[in-house]
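Below is one structure, written out as structure tokens, with a few remarks after it.
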Amino acid sequence: MDREAGARRTSRVQRQPDHRQLKALCGPNPWIEYHQEMSSTARRLPPARAVSGRSPLRAAGAAPEALRKPARAKSGPSGPPTGKLDPPSPRPRRDLAPARIADLLARLAVAQPNAECALHHRNAWELLVATILSAQCTDKRVNLVTPALFRTFPTPAAMAQASLPELEELVRTTGFFRAKSKSIQGAGKVIHEQFGGEVPRTLAELITVPGAARKTANVVLGVAYGLAEGVVVDTHVQRLSRRLGLTRHGEPKKIERDLMRIIPRERWIAFSHELILHGRSICVARKPRCAACPLETTCWAPDKTWRSH
Ligand code: SF4
């Protein structure tokens, strides 16, 4: 048995072409030439101990070219130096394939059929205020605070006239209450004085309102006016977009840009609501419930808790 295995091994070894055959087939191999030159130089050397403190090759007067290692080809970690840079290979990303995106959107729509904005509001102004208050706070908490706030200051003009201590008291439990009070009072002032009391309908105008950055503007335009100017990127959209391989970025602006490229515009508004709801109910931050997730077959997240593929 052992002899047979030995014979097999030997025949395998014998089948390997030697350096001369390879050279005849493929031309000179710079790595082999380099090592051969090094070996022949080393053979001419005095014993290593006799030239302490210096490289034996250098001490033997080896040419500088012989001492220098050939430059490694940039195209790969190993392989002979070619002297040329290979062009970068454009590899299509399978996670962004249109068929996969379409499948994902369809599954998401089925999984979260009632997805809508969770902030209670009756008009664009109330939605704007609620969205400003929702920063670093849960929608549930904001919904507890806004009824009293809107009863006391129902319009932008009334909010503009509100005293800061009174506002702070009303929104205290949403966190960052001083900054938020200033923002909603400032928003009331700007909307009352510059936009005639109407929340503007363009992104460019909305982002001039105090407290309203791009995310808030996208929420107001999408939910209150049905205008798809961008994709809302909150903490859930941020996390799920990365898990689902829709973006590799961590910055909301770059994530939104990536999503706007791959999601059809008519799905921008619904997509963010669905993803937010999915992030709250199934794809939670710490321990996603992958076994119950309808997107599982199209998800390659490394932190999945269960996988079918
Ligand atoms: S399979 Fe898991 S990680 Fe992927 S989207 Fe579903 S819950 Fe999230």
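When the dipole is taken about the Cα centre of the range 97-176, and only Lys, Arg (+1) and Asp, Glu (-1) are charged at their Cβ, what size is it in debye, to the nearest 20?
The dipole magnitude comes to about 220 debye.
How far apart, in nm, are the 7 Å Cα→Cβ label points at SER163 and ARG122?
That separation, rounded to one decimal, is 2.6 nm.
What is the magnitude of the charge dipole of the range 115-254 about its Cα centre, with +1 placed on the Cβ of each Lys and Arg, -1 on the Cβ of each Asp and Glu, and no other charges, expressed in debye to the nearest 20?
620 debye
Using a 7 Å offset from Cα along Cα-Cβ at ASN114, what residues in the range 267-284 end up with backbone N under 19 Å from the label point?
270-283
Quick check on the range 124-225: what does the Kirkwood estimate of hydrodynamic radius come out to from the alpha carbon pairs, in Å?
13.1 Å
At a threshold of 8 angstrom on Cα-Cα distance, excluding pairs fewer than six apart, so keeping six or more, what relative contact order does the range 124-225 reach in percent?
It comes to 32 percent, rounded to a whole number.
Explain nothing, just the number: dipole magnitude of the range 207-309 about its Cα centre with +1 on each Lys and Arg Cβ and -1 on each Asp and Glu Cβ, in debye rounded to the nearest 20.
Once rounded to the nearest 20, the dipole reads 360 debye.
Take the eigenvalues of the Cα gyration tensor for the range 89-140, scale each by 5, and report the square roots as semi-axes in whole Å, largest first.
The three semi-axes for the range 89-140 are 35, 16, 10 Å.
Values quoted throughout were computed directly from the atomic coordinates according to the rules given, and no laboratory measurement underlies them. Keep in mind the model is a prediction, meaning the values are calculated, not measured. As a convention, Cβ positions derive from the backbone with ideal geometry for all residues, glycine included, and neighbour counts pool all protein chains shown.
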